[in-house]
Amino acid sequence: MTRTNLGPWIVTYAALAAMAAYNLAPFLWMLTSSFKTDMEVTQIPATILPHSFTADAYVRIFAQEGFLKYFLNSAKVSGATAILSATVGIFAAYGFSRFEFRGRTVLIAAFLASQMLPGVLLVGPYFRLLSTAGLYDTHLGLILAQTSITLPFTVWMLKGYIDTIPVEIEQAAMIDGASRLQCLWYCILPNILPGLVATMVFAFLLAWGDLLWALCLITDPDKQTMTLGITNLVGQFRVLWSDVMAATVIGCTIPACFYLLLQRYLVQGSAGSAVKG
Amino acid sequence: MRGETTTPYWFVAPAAIMLVVILGFPAVTAILESAGLGGKTGFPDFRAYGRLFTDPQFGATALNTVIFVGVVVTMHVVIGMAIALLLNLEMPGRWLFRVIAILPWTMPDVIGGLIFRFIFDTLSGGVNAVLLRTGLMAQPYDWLGHPHWSLFAVIMAEVWRGYPYVMLILLAGLQAVPRDQYEAAAIDGAGRIRTFVSITLPNLRTVLIIAVVLDIVWETRLFGMIYGMTGGGPGYATQNLSLFVYKNYFQFFETTYASSIAVVLAAVLLAAAMPYLRLTLRRQD
């Protein structure tokens, strides 16, 4: 970068600043609105910047609307989904990565293709299935449903990480008498730990952001997830936007923090293998 | 590694069985239901599929979906490519812009929908506030109450929320372009545009196909964003196929019809995903 040619850099920074403003504007609108008073948030036309700050909306959604419960429900369902899909997924990922066997390609294709199915195809039959099994309107049913979405990509992502570990480590271990399971536990797991954590966080966030499954499989208000609770706030007759925005701030914070921490792994999920070339 | 004939199956079995039970089974049930065989046996009856051709609401919904996906994916690629090229430059402060660039995508789609519903709200929305306060408009306008403007608003919202992922894939692709090719182009005296067309684009081909295919699949089956923002309205002006299936199944209890739409949607998505599936599977051998 030479001093003589500043023009392009000014253009670059100006373009990036415009991008930042575009990306941040809805977030700022959400944040500032959540701190407005009832009077101000219903003012016409709306104030662009709040005149006075109050945390009333946050107090209300936690004290009156039960958002602490929704928050915990979401955390429980998403956490269980992440653990379940990673636990089942790691074995399949290892199998796909380390073995040649009949039906391997077909199975991999099935795992990949299943990621393309629309949720609305599955949710109706799922509703019937869970009703028959007595799992309708339970967190367990919702966790299983979320796992049907997260499992295929979990397997795929973990396989990508295991592929990067040299087979020689395991061969050495097996000569020393280690079993396959021991190889997985002692040779693979420690080496892919960051990838495993990233995969689990993605599964967690996928379940966290879901609306469709919770909407169709949960009716008990006490079992509602975060996204469902927020949506139902708006379904009411009069929308108090400061409350809704306070709830969305809380719903957004966890994913935003996790994603930013995991930036490095973001692309890996569904497109990683192609990008790696 | 040879000599282990059954071992791989033990590893793969739990996930494969789970896939069959929680994914394969519902998918097959949906197909059966679409043929009028939900909960009973007998002869398949495909009349629900015939209804697709005569139902004007299905036609309008399919058109909405095509317009929505077409515009959104195009904008994602254009904006995503522009930002990826900028973020690929070495410069001070790049990490900060990268962080900001990803933010919209971290937002759960239904939350994005609700925020934009508020932004386009008639009385207390941000868009009207800006237009009224700058004097560009005399009366508040009901953006989400107008069929065309509401579709436009929903498209704007999803363009905003979804482009960072396309950008990230393209950025990863850009970073994989071999440097010596750029150096060779520079030696040959190629300008910026020439370099982009002859070096960057051909190298990005695979990555671009993957980004576009995945984005098409995601935007086509999008549910939460539209449910939160307009619920498909006004009328069915912003309704997409996912929402149409949901409403038919869970609100009108037209389960056979809903399943037939869902099966068609699934078939279209699988067909659209073929280039991605083929590319990815080829790399497995």
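The values are calculated or read from the model by the stated rules, or taken from the named source; none is laboratory data. Here the structure is a predicted model, which means the values were calculated and not measured. Cβ coordinates were reconstructed from backbone atoms using ideal geometry, including for glycine residues, and neighbour counts include every protein chain displayed.
Quick one: which residue in B:L123, B:L85, B:L96, B:L23 is facing chain A (nearest Cβ under 7 Å) and either crowded, with 21+ Cβ neighbours inside 10 Å or more than 30 Å from B:P234 (Cβ to Cβ) (or both)?
B:L23 is the lone residue from the list that is facing chain A (nearest Cβ under 7 Å) and either crowded, with 21+ Cβ neighbours inside 10 Å or more than 30 Å from B:P234 (Cβ to Cβ) (or both).
Can you tell me which residue among B:L123, B:L89, B:L85 is within 28 Å of A:T248 (Cβ to Cβ), in the same structural domain as B:M225 (by TED's automatic domain parsing), more than 15 Å from the chain's Cα centre (by Cα) and not polar (S, T, N, Q)?
When all the criteria are applied, what remains is B:L123.
Among the numbered criteria (1) among the small types (G, A, S); (2) surrounded by fewer than 16 Cβ atoms within 10 Å (Cβ to Cβ); (3) assigned to a loop (DSSP other than H, G, I, E, B), which single criterion is violated by A:A46?
Going through the list (1) among the small types (G, A, S); (2) surrounded by fewer than 16 Cβ atoms within 10 Å (Cβ to Cβ); (3) assigned to a loop (DSSP other than H, G, I, E, B), A:A46 breaks only (2).
So if I check each of A:T199, A:T154, A:T150, which one is of a type in the set (S, T, N, Q), out of contact with any Leu (no Cβ under 6 Å at 6 or more places or on another chain) and farther than 17 Å from B:T7 by Cβ?
Selected residue: A:T154, the only one of A:T199, A:T154, A:T150 that is of a type in the set (S, T, N, Q), out of contact with any Leu (no Cβ under 6 Å at 6 or more places or on another chain) and farther than 17 Å from B:T7 by Cβ.
Output the residues belonging to the stretch A:136-155 that are assigned to a helix (DSSP H, G or I) and among the β-branched types (V, I, T).
A:I143, A:T147, A:I149, A:T150, A:T154, A:V155 - these are the residues of the stretch A:136-155 that are assigned to a helix (DSSP H, G or I) and among the β-branched types (V, I, T).
Going by the structure shown, is A:L112 within 11 Å of chain B (Cβ to nearest Cβ), modelled with pLDDT under 90 and outside any loop (DSSP other than H, G, I, E, B)?
yes
Is there a residue in the stretch A:85-97 that is out of contact with any His (no Cβ under 6 Å at 6 or more places or on another chain), in a helix (DSSP H, G or I) and closer than 23 Å to A:G251 by Cβ?
Yes, because at least one residue in the stretch A:85-97 is out of contact with any His (no Cβ under 6 Å at 6 or more places or on another chain), in a helix (DSSP H, G or I) and closer than 23 Å to A:G251 by Cβ.
Among the numbered conditions (1) facing chain B (nearest Cβ under 9 Å); (2) assigned to a helix (DSSP H, G or I); (3) closer than 30 Å to A:S179 by Cβ, tell me where A:E100 comes up short.
(2)
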